[in-house]
1. Looking only at region 380-398, filter to residues that are over 23 Å from Ser339 (Cβ atoms) and not aliphatic (A, V, I, L, M); which one of those is surrounded by the most Cβ atoms within 10 Å (Cβ to Cβ)?
2. Name the pairs: first residue in region 185-203 and surrounded by 16 or more Cβ atoms within 10 Å (Cβ to Cβ), second residue of a type in the set (Asp, Glu) and part of a strand (DSSP E or B), Cβ to Cβ under 6 Å, at least 6 apart or on different chains?
3. Kindly evaluate Glu97 against the criterion of being acidic (Asp, Glu), free of Cβ contacts under 8 Å to residues at least 24 places away in the same chain and in a strand (DSSP E or B).
4. Looking for something in a strand (DSSP E or B) and either open to solvent by less than 40 Å² (accessible area, probe 1.4 Å) or over 24 Å from Tyr293 (Cβ atoms) (or both) - is there at least one such residue anywhere in region 208-215?
5. Can you tell me which residues in region 294-312 are of a type in the set (A, V, I, L, M), within 16 Å of Ser344 (Cβ to Cβ) and either open to solvent by less than 40 Å² (accessible area, probe 1.4 Å) or at pLDDT 95 or above (or both)?
6. Answer with yes or no whether Thr270 is under 25 Å from Pro322 (Cα atoms), surrounded by fewer than 18 Cβ atoms within 10 Å (Cβ to Cβ) and modelled with pLDDT of 85 or more.
Amino acid sequence: MSIGIRRLIFAFFLVFFAIMAPILVLYTAGYRLNISDGILTRTGVLSVETTPKGAAIFLDGEDTGEISTIIFKHLLPGEHLLTISKEGYHAWEDTIEISEGLTTTINHLLLFLENDPTLTFKKQISAIAPHPSGSLVAYTVDSIDLRELWLYDSSNQIQTQLLQTPIATAVDEITIDWSSEGTYLLFSDAKGGIKKIYQSTGEEISLPTIAQEADFLSWHPSDDRILTVVHGEAVTQIDLTNGREALVSEADSSLTLLDASILSFVDNGTYVELRQLIGAQQNLIALLPRSAYDVALRDGQYLVLTNASHGFLLLDLTADQPILLESRGTLFDWLDSESALLWSDGYEINLYTPTSHETTFILRQSETITNIVWHPSGDAILFSTAHALRAIDRYLLGTERQMTTLLEGANLERVWMEKHGKYFYFLGTNQDETGLFELPLR
């Protein structure tokens, strides 16, 4: 080979290297040629994580052949249609934005089973009280002149009759209430002279005389063992495990009991003084607008008070400025794991996080919302109307929060969710059948 040819080959490779080296560097750095405009563009990364895993990933209508959890590298910047689907589950779809040199993360994504509800039993239920676990319920059935109290355990589908008594009181005047952790069930019919306490297994336990003669019975807000007895102007607490009685107050039976303290509301003519009594010490917590208040929700240091005009206050009992939030709302749910309040006025759903003092708008709709509940994961919010159940993403993952219709066309009278978020229950009518229904979610 002549020297000229060798020099020509050397020059060719030199030029080739000079051209390819920068291209390889740019390629390694994530740059790609955008064919639509012929410009070399730095790409972005997409990370997708779902619960459950193993969902198929589609980008711009094309099956990627990948399943979650997965990371896609070198995606061209701009909007992309992301579709996530798994057999037996509702699909999720939204437009996402990929940015140059950045990672777009789609996580906290909860996929729900696509199922029809199952009728667990068929009865005309007059009143119902779900256990804190959600899988056990106490309910009453009224005939012409008799009222029956039943327990139903969805884990083994066992029905247990606890009581049969003549009807002496309208159903909205009886009390069916579980203790804080669900160890005990209270059934009270004051006009009928009936006060009963049952264990969650269905066994009746004897009540002391003071409880049998009480004007009103209620449970301690967090101590599963303690029954609160109101008799005249006296408030007494009874420990059901050992029968011990402790007089709490002789002054005012309208006081609100917390864990280790008592709340009182005193109208001074200008404000309502919210006072907290701990032992013999009384502290002024806050000055509230004049109104009659009820405790709608309470978790640790946080308290939600409602008034007759559908307003509410969220308070931190330990803070120097205790009033954290004042708004309008009638429906509430609290996420214990994150101390986050969900509330609705029947048309909007909003979220407030006390630790960051952030309020997040979730949705607004024209159909009246009848119930709201956190999914235990904290990644989704379930809400019901008179005839539908829907789930909406807590987080804004794409351009808008995605809403999934889980049930439609039913008549939902009472709704609740099992504590692990695997099942949703409702009392009502579906496809001309009336009773208690179970809808698998996960």
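1. Per the stated criteria, the residue is Ser384.
2. Within 6 Å, the pairs are Leu186/Asp177; Tyr198/Glu204.
3. On the way: acidic (Asp, Glu): yes; free of Cβ contacts under 8 Å to residues at least 24 places away in the same chain: no; in a strand (DSSP E or B): yes.
Criteria not met by Glu97.
4. Of all residues in region 208-215, those in a strand (DSSP E or B) come to none.
No; the residues of region 208-215 include none that is in a strand (DSSP E or B) and either open to solvent by less than 40 Å² (accessible area, probe 1.4 Å) or over 24 Å from Tyr293 (Cβ atoms) (or both).
5. Just the residues of region 294-312 that are of a type in the set (A, V, I, L, M), to begin with: 295-297, 303-305, 308.
Of the ones still in play, those that are also within 16 Å of Ser344 (Cβ to Cβ) are 296-297, 304.
Hits for region 294-312 are Leu297, Val304.
6. On the way: under 25 Å from Pro322 (Cα atoms): yes; surrounded by fewer than 18 Cβ atoms within 10 Å (Cβ to Cβ): yes; modelled with pLDDT of 85 or more: yes.
Taking the combined requirement at face value, the residue satisfies it.
So that you can scan it fast, the table gives a plain yes or no per residue for (1) open to solvent by 40 Å² or more (accessible area, probe 1.4 Å); (2) in a strand (DSSP E or B); (3) free of Cβ contacts under 8 Å to residues at least 40 places away in the same chain:
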site: Ser356; (1), (2), (3): yes, no, yes
site: Leu363; (1), (2), (3): no, yes, no
site: Ile372; (1), (2), (3): no, yes, no
site: Gly378; (1), (2), (3): no, no, no
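Yes/no matrix, rows are residues, columns are (1) loosely packed, with under 15 Cβ neighbours inside 10 Å; (2) under 23 Å from Met403 (Cβ atoms); (3) of a type in the set (D, E, K, R); (4) at pLDDT 90 or above:
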| site | (1), (2), (3), (4) |
| --- | --- |
| Phe17 | yes, no, no, no |
| Met20 | yes, no, no, no |
| Thr43 | no, no, no, no |
| Leu59 | no, yes, no, yes |
| Phe72 | no, no, no, yes |
| Thr83 | no, yes, no, yes |
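The values are calculated or read from the model by the stated rules, or taken from the named source; none is laboratory data. It should be emphasised that the depicted structure is a prediction, and the values quoted were computed from it without experimental measurement. Glycine gets a Cβ as well: all are built from the backbone with ideal geometry, and neighbour counts include every protein chain shown. For the accessible areas, the whole protein counts, side chains as well, though only heavy atoms, and no ligand, DNA or RNA atoms are used. Shrake-Rupley method; radii C 1.70, N 1.55, O 1.52, S 1.80 Å.
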